[in-house]
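Data block below; observations after.
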Amino acid sequence: MDIAGENKPPWLLFVFSLPAKRASQRVEIWRLLKRYGSVGLGSSGYVLPNNFQNLERFEWLAATVRKYRGEASVIHVESIDNFPSKELSELFLEARGRDYDAMIRELKHYKGGSKPGQLSRLRRRFQELAAIDFFNSPLRSRVEQLLASADAQQDTGVVGGARPSRRKNEFQKRTWMTRPQPGIDRVSSAWYKTLFHSTR
């Protein structure tokens, strides 16, 4: 997959360091790196495919680290000797595979309407993962299918299929009960007011 484009190094490498007393800021940076879909290479830093959005994110992170009195660099990398491009792309696929697997497990146990807001949260999560699925994980289509099934469950209110339709003859030759001589609330009835005023 050609992400970088012609004559552009295919990878971006982000390296940073923060003072020991900046533990909470280090966690903040780490969470952002994870949200952006970067892959950690041990002490070598974090890598992303080279595109405009990823470059902008790494540069913003570098500025944030410097604001916290740390050091950071964004490096355009042609190749990493101990991580050939194929191995790097496989690392991204493995990371997204774990994320999609977690969604698949949750969607398999989804029951329409059982937890309000659950399906909306799962949809948002899928959109976030799809945005950082740089190498098109084969599990993405499986998650899409399960989301479509969950949508159908939510729309019908019935797990596993559409709500059964009722036939006309089911309602025939039945005894319907109501109170005798039902009256009309003449004060609040719009029908009565209209009739009353039109006959005066």
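FYI, it's all coordinate maths here, none of it is from the lab. From a predicted model like this one, the values you see are computed outputs, not experimental measurements. Counting neighbours? That spans all protein chains shown, and the Cβs are built from the backbone with ideal geometry, glycine included.
Summary table below
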read-out: Net length gained if the chain between L41 and K111 were fully extended (0.36 nm per residue, minus Cα distance); value: 21.3 nm
read-out: Nonlocal amide H pairs with F134, under 5 Å, H built at 1.01 Å; value: none
read-out: Sequence of S137, S89 once ranked by neighbouring C-beta atoms within 10 Å, starting from the fewest; value: S89, S137
read-out: Within-14-Å neighbourhood charge of K67 [Cβ basis; K, R +1; D, E -1]; value: +1
read-out: Per-residue HN-Hα couplings for the stretch 22-34 [Karplus 6.51, -1.76, 1.60; θ = phi - 60°; Hz; x = Gly/Pro]; value: 9, 5, 5, 5, 5, 5, 4, 5, 4, 5, 5, 4, 5
read-out: Fewest-first ranking of I80, I132, using other Cβ atoms within 10 Å as the exposure measure; value: I80, I132
read-out: Residues K34, K108, sorted so that the one with the fewest Cβ neighbours within 10 Å comes first; value: K108, K34
read-out: Residue-by-residue Karplus 3J(HN,Hα) for the stretch 85-99, coefficients 6.51, -1.76, 1.60, Hz, glycine and proline x; value: 3, 4, 5, 5, 4, 5, 5, 5, 5, 5, 5, 5, x, 5, 5
read-out: Distance from the stretch 10-57 to the stretch 115-139 (C-alpha centre basis), Å; value: 21 Å
read-out: Relative contact order (percent, whole number), the stretch 1-119, Cα cutoff 8 Å, 6+ residue spacing; value: 33 percent
read-out: Simple label model, 7 Å out from Cα along Cβ direction - E144 to R123, nm; value: 1.6 nm
read-out: In Hz, Karplus ³J(HN,Hα) per residue of the stretch 44-58 (6.51, -1.76, 1.60; θ = phi - 60°; x = Gly, Pro); value: 7, x, 10, 10, 9, x, 7, 9, 4, 5, 5, 4, 4, 5, 5
read-out: 15 Å beta-carbon shell around A20, net charge (K/R +1, D/E -1); value: +3
